[in-house]
Amino acid sequence: MSKSVELTENQKAWMRFETIMAVMERARNLELSKSGLNIPQASVLYCLKTSKEPLTPMRLSRMMHKQPHTVSALVHRMEAQGLVSTKKDMKRKNWLRVSLTKKGEEAVERWANSTVVPDALNCLSKKETEMLYSITQKLHNRGIELLRQMQPDPYAEPLFW
């Protein structure tokens, strides 16, 4: 017979948080699919729409906290769908600039009108919503701090497991 595992309060809270995010993410993806989008695509469109400067796939990856190769592949798929266009930077030939197309602009409008899942937060009071924002801001900052600690130094010896 195996030993029982006792989780700490932090581990239990983490499991709950993970479950909530999985459920909400699934619901949001289902909602967005009616607009022909998914969450990562909506994130790219939002970043492009709200940016005051032209964006590269590398800049998008930093804004979205995703790996550069992941965002690059996403941008190329979105370009094939006609949502974004890419153009080589004339000054820096190795840079690629990403911009919204007319179809991408229309998708942003459809995305902005898909509010059922985000509006699920209306079950919270104003005070609870403010508290949630404060808590998630702290967790975001701590997560960034943990990433910095855990990512190996690019000039260090490779890690072997």
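Computed values, structure above
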read-out	value
Whole-Hz couplings from phi, Karplus 6.51/-1.76/1.60, listed for the range 26-32; x for Gly and Pro	4, 5, 5, 5, 5, 5, 5
Mean residue ellipticity (222 nm) of the chain, computed from DSSP H runs ≥ 4 via -39,500 (n - 2.57), nearest 500	-19500 deg cm²/dmol
Amide hydrogen neighbours beyond the local backbone of Trp95, cut-off 5 Å, H modeled	Asp89
Entries of Lys52/Lys87; Lys49/Lys127; Lys12/Lys138; Lys66/Lys88; Lys12/Lys66; Lys34/Lys126 with Cα pairs more than 20 Å apart	Lys49/Lys127; Lys66/Lys88; Lys12/Lys66; Lys34/Lys126
Rounded to whole Hz, the Karplus (6.51, -1.76, 1.60) HN-Hα couplings of the range 125-133, x for glycine and proline	6, 4, 5, 5, 5, 5, 5, 4, 4
J(HN,Hα) series, the range 68-78, from Karplus relation 6.51 cos²θ - 1.76 cosθ + 1.60, nearest Hz, glycine and proline x	x, 5, 5, 5, 4, 5, 4, 4, 5, 5, 5
Solution diffusion estimate, µm²/s, Stokes-Einstein, the range 6-161, Kirkwood Rh from C-alpha pairs, 25 °C, viscosity 0.890 mPa s	134
Cα lying deepest toward the dipole's positive end in the chain, options Leu146, Thr86, Ser114, charges on Cβ	Thr86
In degrees, nearest ten, helix 39-50 long axis to first principal axis of the chain (Cα)	60
Rg(Cα)/(2.2 N^0.38 Å) for the range 1-60, N = residue count	1.76
Anisotropy class of the range 16-95 from Cα gyration tensor, a/c 1.5 cut	prolate
Approximate spin-label separation Asn10-Arg142, in nm, with each point projected 7 Å along Cα-to-Cβ	0.7
Other-chain or far-sequence residues with amide H under 5 Å of Val84's (modelled H)	Glu79, Thr101
Inter-label distance, nm, simple model (7 Å from Cα along the C-beta direction), Asn113/Lys126	3.0
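Only the coordinates and a few stated rules stand behind these numbers; no lab work does. This one's a predicted model, so the numbers in the text were calculated from it and none came from an experiment. Methodologically, a virtual Cβ is constructed for each residue, glycine included, from the backbone with ideal geometry; neighbour enumeration extends over all protein chains shown.
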